[in-house]
1. Region 127-205 to region 18-88: how many Å between their Cα centroids?
2. Could you give the radius of gyration (one decimal) and Dmax (whole number) of the Cα atoms in the chain, in Å?
3. What does the helix-only formula give at 222 nm for the chain: each DSSP H stretch with n ≥ 4 adding -39500 (n - 2.57), the total divided by the residues, and the result rounded to the nearest 500 deg cm²/dmol?
4. With a 10 Å Cβ neighbour count serving as the proxy for reagent exposure, in which order, fewest first, do 80, 165 appear?
5. Tell me, rounded to the nearest percent, the portion of alpha carbon pairs in region 115-158 spaced more than 15 Å apart.
6. Quick one: 160, 31, fewest Cβ neighbours within 10 Å first, how do they rank?
7. If you line up the long axis of helix 63-97 against the longest principal axis of the chain, both from Cα atoms, how many degrees apart are they, to the nearest 10?
8. Which value does Rg/Rh take for region 2-88 over its C-alpha atoms, Rh per Kirkwood?
Amino acid sequence: MIFDGDVSGFQAGLALGVASMASVGPNNLMMMREGLVRGRMTFVASLVWASYVALIAASYLLAASIAGIAPSLRTILTWCGLAAISWFALQSLRAAAAAGRMEEQEEHGETGRSCLLRVLRVVWMNPLTYIELLLIPATLGQSFDATDARLQFVAALVLMATLCCYAYAFGGRLIASVLRHRASLRLFDFISGLILSAVALSMAASLLSEALP
């Protein structure tokens, strides 16, 4: 994503934030599913948001050093991301296949600590999170000479992260209010697995085309 000189830092941050919101990955699907099962959606969305803000802040503070190693590090993280996406896809498909056990677990609920660990594991063990919220913002932020423009860029990213996290979580709750049957959760897990599988295949094809002479 390249911005010309007429684009302000805030506009660039909004554009990058919209692209992140539109991407369907494990983090967004997890927040939507939390709303769908009427779980701790505010807590989950807030945990993801805090993680996003921490990474965005790091991209601003460490921009010079991160931007210098971004190309090679991005390739490594993309390969790791392919493995992570494949694993998340498998988990979603397994959840859809084992719907009875999953429903029983959800009826008993989970502790706050278990929820905390589950959410942080998904966000912080997903290499693509680092690409979208650390490497790319650091690289693009370096293109703005003025400090004010870089701060506006970061502010816009934080704003879009806020909208993204809570929109996905409460969007799942809205879906749950329309589709009240348990079968909707199985269908959601199945569709999530298919989407993540398609993302993994697309990533694999792209990485292989880059690797082959």
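Laboratory data are not the source of any read-out in this text; all were calculated from the coordinates shown. Worth saying up front: this structure is predicted, and the values here are computed from it rather than measured. Every residue, glycine among them, receives a Cβ derived from its backbone with ideal geometry; neighbour counts consider all protein chains shown.
1. Taking the Cα centre of each part, region 127-205 and region 18-88 sit 7 Å apart.
2. 18.1, 56
3. Numbers: 10 runs with 175 residues, N = 213.
For the chain, the value works out to -27500 deg cm²/dmol.
4. On the way: 80 16, 165 26.
Placing the least packed residue first, the sequence is 80, 165.
5. Numbers: 499 of 946 pairs.
It works out to 53 percent of all Cα pairs.
6. On the way: 160 21, 31 28.
Fewest to most other Cβ atoms nearby, the residues stand as 160, 31.
7. Once rounded, the angle reads 10 degrees.
8. On the way: Rg = 15.6 Å, Rh = 15.4 Å.
Across region 2-88, the Cα-based Rg/Rh ratio is 1.01.
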